[in-house]
Amino acid sequence: MGGFRAAAEQIHLLFADEDEHYTDSLVRLDREQYIDYCLRKAGYQGIYFIEKQLTGKGGYRVIMGNPASADAYCYQAPSGGWFFTKKSVPRETEGKRVFCRHNSPEEVTGRIFSMLKNQGGLSMAFVMEPEVFAELYQDQTAGEELRNLLETVKNSIFLLVSSMKADESFPVFTERKEVFGGTFFRKFKKVFATEGHFRFYEELKNELGDGFHLWNQMKREELYRMLQYLWLTERSWQKLPVGTLERGAEFLYAWCHQPELETPKGLRLPEKFQRNLGELRKCLKGQPEAFAESLSEWKRTDRVEAKLWYPTFSETADVRRLRQGIREIAGPERQRLVWKLGRVTEIMVCPWSDFRKLERPGLQEMLQKMEELKEENCRSSELAERVLDYLYYSFRSEGQYDSNEVYQMKCDCHREIVCCTAMVARMEKLHEKRQETIRKNEQEFAQRRQELKEQCERDPVYGEVYRRMKEKTLEPGVATDYQMDISQKKGVLVSLQQTIRTEKQYMISGQEEIAVQKNSIEKLDLVLKELMAEKNPTALASILNRAGIMLKEQGSMEQKAQNALKEAASLFEKEASFLKEEKKKEETDREVWYV
């Protein structure tokens, strides 16, 4: 952390959320204090935090966190340049900090110019938000003068600090191009001139190199210092052997950077997306025993390859709907989809170069489909996975270099695979319902037959009437009450048996339709693999033609399957009343009559 070298860049960008930081001697600092610490460690003697005042009379405030900076500040009004008043600025204090107030951008830039021109070898760092810098140097002449000064003054820097929320910095960088896209920021200008669809902050890092800084990365050494601080400041933690802290840092590092690694049972940790050392320390503060137990159960895996976390936009309602939908549809197997879900949501919150134009094809359709399946209480981890594969490709994260024709065909294939998988999920759910219906009806059938047999054994007259009705030898008008009761019970048994037979027939046809849909999925998967591997234009044209025919055929098969589902739904609606109706028929089923 740190590394704000003027030799690398004189305009540095730092992206860091408010958090706790620990020095080499384990002093705990907030973000501003740690920036000051890193700058002093890098050798800067004058360090000035410039912020915009949003209350009172407005204007700007220049804060100096150490005596050396305060002594070097230009309190007297510099002559000429961009400073229009001769009035000196009073020196104010706030705790150990010294600060000065200024009413206009010209007052601030005038003093900065004066200090840079008359620095006397003093190395200085001016710290501010990108928006403040844009306001101070939006005037082209002021920007040119600063650029010329920095060409001669090589030991001072400007450090532009923003949070890891792209909502704050991305609009400033992209909308204030007169500052960040002008000649003053040549490397920024190169990023803006780059054509294509790329991740804005990653490209910015590639151009700025050592002038681009990311904090809140939950590095091993940061986690180790946090645990050391806990051990030194909390008596309950001193029961743990100090040698376990290094392994503890390894465990926390793996937990932070491996989405699939779940929080151990019995240990309370903050949400991973917070990436906040302070929150992590507060959670661990009262849990030394639980932490030690988790360490004893944790098995060190292969070396964790942690990628950098870049600024992202805040999660939108669509991102939250997608997370919730995948969680509900995938069911118990959702953990294995964490990585695929993460790469899709990362694209959705990533500041792309063409963010304003970026579309999310298929997103609303997939969200709607998952909500429909949720209402049907239908779970399928395969469907959740197919949805994520479709979205990942349709956002052009992988297919940005495909031709439009190939891209559209791949999207259509992915979408059709989702539809087929959803159909399979619904049919399998229906298959389970039919199995349950058959089981219940068979139980009821057996129970009613047994009750009829027992009643015949208890009541000899009832048994004799039953025997004669079975043999069709009972005279009309004899034992009419018994005849009515037996006929009613026989009718229920016949209805139950017919329902069982019908359901079994539907199960057979449903299994055949499931096999058809799964076969379609396999064929579409094969087409996707061929499209991915084939580069020859002639061969690609042949594959596209074949895929088009396949999708057309699949459309008619899908309609047929939809009709089968509707018919089955209608059958289930009628079933409740169907079983309650009394069936009176002249002909009887020999299997039912046999007791």
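Is it the case, given these coordinates, that Met370 is in contact with a Gly (Cβ under 6 Å, 6 or more places away or on another chain) and either closer than 23 Å to Lys205 by Cα or assigned to a helix (DSSP H, G or I) (or both)?
When the stated conditions are applied, Met370 passes them.
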Inset, instruction - Would you please name the residue that is surrounded by the most Cβ atoms within 10 Å (Cβ to Cβ), looking only at residues in the stretch 304-318 that are of a type outside the set (Phe, Trp, Tyr) and under 19 Å from His257 (Cα atoms)? - result: Pro311
Inset, instruction - Look through the stretch 243-276, keep the residues that are of a type in the set (S, T, N, Q) and not in a loop (DSSP other than H, G, I, E, B), and return whichever of them is surrounded by the fewest Cβ atoms within 10 Å (Cβ to Cβ). - result: Gln274
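Before we move on, is Gly182 open to solvent by less than 20 Å² (accessible area, probe 1.4 Å), part of a loop (DSSP other than H, G, I, E, B) and either at pLDDT below 90 or in contact with a Ser or Thr (Cβ under 7 Å, 6 or more places away or on another chain) (or both)? Break it down stepwise before answering.
Numbers: open to solvent by less than 20 Å² (accessible area, probe 1.4 Å): yes; part of a loop (DSSP other than H, G, I, E, B): yes; either at pLDDT below 90 or in contact with a Ser or Thr (Cβ under 7 Å, 6 or more places away or on another chain) (or both): yes.
Answer is yes for this residue.
It is to be established whether one or more residues within the stretch 337-354 are outside any strand (DSSP E or B), touching a Gly at 6+ places or on another chain (Cβ under 8 Å), at pLDDT 90 or above and open to solvent by less than 60 Å² (accessible area, probe 1.4 Å). Full working, then the answer.
The first filter runs over the stretch 337-354 and keeps only residues outside any strand (DSSP E or B), leaving 337-351, 353-354.
This time we only want the ones that are touching a Gly at 6+ places or on another chain (Cβ under 8 Å), so: 353.
Checking the rest, the ones that are also at pLDDT 90 or above come to none.
No, there is no match, as no residue in the stretch 337-354 is outside any strand (DSSP E or B), touching a Gly at 6+ places or on another chain (Cβ under 8 Å), at pLDDT 90 or above and open to solvent by less than 60 Å² (accessible area, probe 1.4 Å).
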Inset, instruction - Taking Thr174 as meeting all but one of (1) within 14 Å of Ser353 (Cα to Cα); (2) open to solvent by less than 10 Å² (accessible area, probe 1.4 Å); (3) of a type in the set (S, T, N, Q), write down the number of the exception. - result: (2)
Legend entry - Failed item, numbered, when Gln450 is tested on (1) in a helix (DSSP H, G or I); (2) open to solvent by 30 Å² or more (accessible area, probe 1.4 Å); (3) touching a helix residue (DSSP H, G or I) at 6+ places or on another chain (Cβ under 9 Å): (3)
Legend entry - Single residue of the stretch 193-230 satisfying the filter (part of a loop (DSSP other than H, G, I, E, B) and of a type in the set (A, V, I, L, M, F, W, C)) that is most open to solvent (accessible area, probe 1.4 Å): Phe198
Legend entry - Hits in the stretch 414-467 (condition: under 30 Å from Glu365 (Cβ atoms) and of a type in the set (Gly, Ala, Ser)): Ala422, Ala425
Inset, instruction - Go through the stretch 101-142 and give me each residue that's open to solvent by 10 Å² or more (accessible area, probe 1.4 Å), small (Gly, Ala, Ser) and either on the phi > 0 side of the Ramachandran plot or within 42 Å of the chain's Cα centre (by Cα) (or both). - result: Gly120, Gly121
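I'm trying to understand the selection: among the residues of the stretch 141-168, which are β-branched (Val, Ile, Thr) and free of Cβ contacts under 8 Å to residues at least 60 places away in the same chain? Please lay out each step first, then the result.
Going through the stretch 141-168, the residues β-branched (Val, Ile, Thr) turn out to be 141, 152-153, 157, 161.
If the condition is that a residue be β-branched (Val, Ile, Thr) and free of Cβ contacts under 8 Å to residues at least 60 places away in the same chain, then Thr141, Thr152, Val153 are the ones that fit.
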Legend entry - Which listed residue, of Ala425, Ala479, is out of contact with any Gly (no Cβ under 9 Å at 6 or more places or on another chain), surrounded by 15 or more Cβ atoms within 10 Å (Cβ to Cβ) and closer than 22 Å to Ile521 by Cα: Ala425
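Suppose the filter is crowded, with 20+ Cβ neighbours inside 10 Å, modelled with pLDDT of 90 or more and not in a strand (DSSP E or B); does Leu383 pass it? It would help to see each step written out before you state the result.
Working: crowded, with 20+ Cβ neighbours inside 10 Å: yes; modelled with pLDDT of 90 or more: yes; not in a strand (DSSP E or B): yes.
So Leu383 passes the test.
Filter the stretch 386-406 down to the residues that are assigned to a loop (DSSP other than H, G, I, E, B), surrounded by fewer than 19 Cβ atoms within 10 Å (Cβ to Cβ) and not small (Gly, Ala, Ser), then identify the one that is modelled with the lowest pLDDT.
The first filter runs over the stretch 386-406 and keeps only residues assigned to a loop (DSSP other than H, G, I, E, B), leaving 395-403.
Still in the list and also surrounded by fewer than 19 Cβ atoms within 10 Å (Cβ to Cβ): 396-398, 400-403.
Still in the list and also not small (Gly, Ala, Ser): 396, 398, 400-402.
Working: Arg396: 66, Glu398: 55, Gln400: 59, Tyr401: 61, Asp402: 70.
In this case the residue turns out to be Glu398.
Return the residues of the stretch 231-242 that are part of a loop (DSSP other than H, G, I, E, B), open to solvent by 60 Å² or more (accessible area, probe 1.4 Å) and farther than 20 Å from Asp24 by Cβ; say none if nothing qualifies. First the steps, then the outcome.
Here is the first cut: in the stretch 231-242, the ones part of a loop (DSSP other than H, G, I, E, B) are 234, 240-242.
Next cut, open to solvent by 60 Å² or more (accessible area, probe 1.4 Å) only: 241-242.
The answer is Pro241, and nothing else.
The values are calculated or read from the model by the stated rules, or taken from the named source; none is laboratory data. Here the structure is a predicted model, which means the values were calculated and not measured. Using ideal geometry, Cβ is built from the backbone for each residue, glycine included, and neighbour counts are taken over all protein chains shown. These area figures cover heavy atoms from the full protein model, side chains too; ligands, DNA and RNA do not enter into them. Shrake-Rupley method; radii C 1.70, N 1.55, O 1.52, S 1.80 Å.
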